[in-house]
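Trainee: Starting off with a structure, shown below.
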Amino acid sequence: MNTFVAYKKKALKDPEFKKAYDALGPQFEVIEAIIRKRIQKKLTQAQLASRMGTHQSAIARLESGSENPTLSYLNDVAHAVGGRLHVTID
């Protein structure tokens, strides 16, 4: 088993860790969707950045989760990969 996967499995047994991890779920979902769509369209981070008029480093920060993007920015990303942004509240 991958070292990270093993660590994550063990860490998720801790209730406090699991609560914090679950709270980040929506952020992880957005990041995963962006990366998945970018790869599906066979775009590099630099190519996506070029389509958006920004720098590759901005896309890298977005995909790493080190930024908290606005809905407007996420909408721009969605359009740049040929998609649409959908927001739901359950």
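Trainee: Suppose we filter region 24-40 for residues that are surrounded by 12 or more Cβ atoms within 10 Å (Cβ to Cβ) and either of a type in the set (Gly, Ala, Ser) or more than 16 Å from Asn68 (Cβ to Cβ) (or both); how many remain?
Mentor: Just the residues of region 24-40 that are surrounded by 12 or more Cβ atoms within 10 Å (Cβ to Cβ), to begin with: 27-28, 30-31, 33-35, 37-38.
Now narrow it down to the ones that are either of a type in the set (Gly, Ala, Ser) or more than 16 Å from Asn68 (Cβ to Cβ) (or both): 33, 35, 37-38.
Going through region 24-40 one residue at a time, the tally reaches 4.
Residues are listed down the side, and each one gets a yes or a no for (1) among the hydrophobic types (A, V, I, L, M, F, W, C); (2) part of a helix (DSSP H, G or I); (3) within 21 Å of Val87 (Cα to Cα):
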| position | (1), (2), (3) |
| --- | --- |
| Val5 | yes, yes, no |
| Lys8 | no, yes, no |
| Ala20 | yes, yes, no |
| Gln27 | no, yes, yes |
| Ala33 | yes, yes, yes |
| Leu48 | yes, yes, no |
| Arg51 | no, yes, no |
| Ala58 | yes, yes, no |
| Arg61 | no, yes, no |
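Trainee: Same structure, new question: In region 5-23, what residues are of a type in the set (Gly, Ala, Ser) and under 18 Å from Gly65 (Cβ atoms)? Give the derivation first.
Mentor: As a first pass, look at region 5-23 and keep what is of a type in the set (Gly, Ala, Ser): 6, 11, 20, 23.
The answer is Ala11, Ala20, Ala23.
Trainee: Mind counting the residues in region 41-80 that are under 21 Å from Pro26 (Cβ atoms) and either charged (D, E, K, R) or surrounded by fewer than 14 Cβ atoms within 10 Å (Cβ to Cβ) (or both)?
Mentor: Final tally of qualifying residues: 12.
Trainee: Collect the residues in region 28-39 that are of a type outside the set (A, V, I, L, M) and closer than 19 Å to His79 by Cα, keeping them in residue-number order. Walk me through it before giving the result.
Mentor: Let us first name the residues in region 28-39 that are of a type outside the set (A, V, I, L, M), namely 28-29, 32, 36-38.
Hits for region 28-39 are Glu29, Glu32, Arg36, Lys37, Arg38.
Taken together, the values in this text are just the output of simple stated rules run on the coordinates, not laboratory data. This is a predicted model, so every value here is computed, not measured. So basically every Cβ, Gly included, is an ideal-geometry build from the backbone, and we count neighbours across all protein chains shown.
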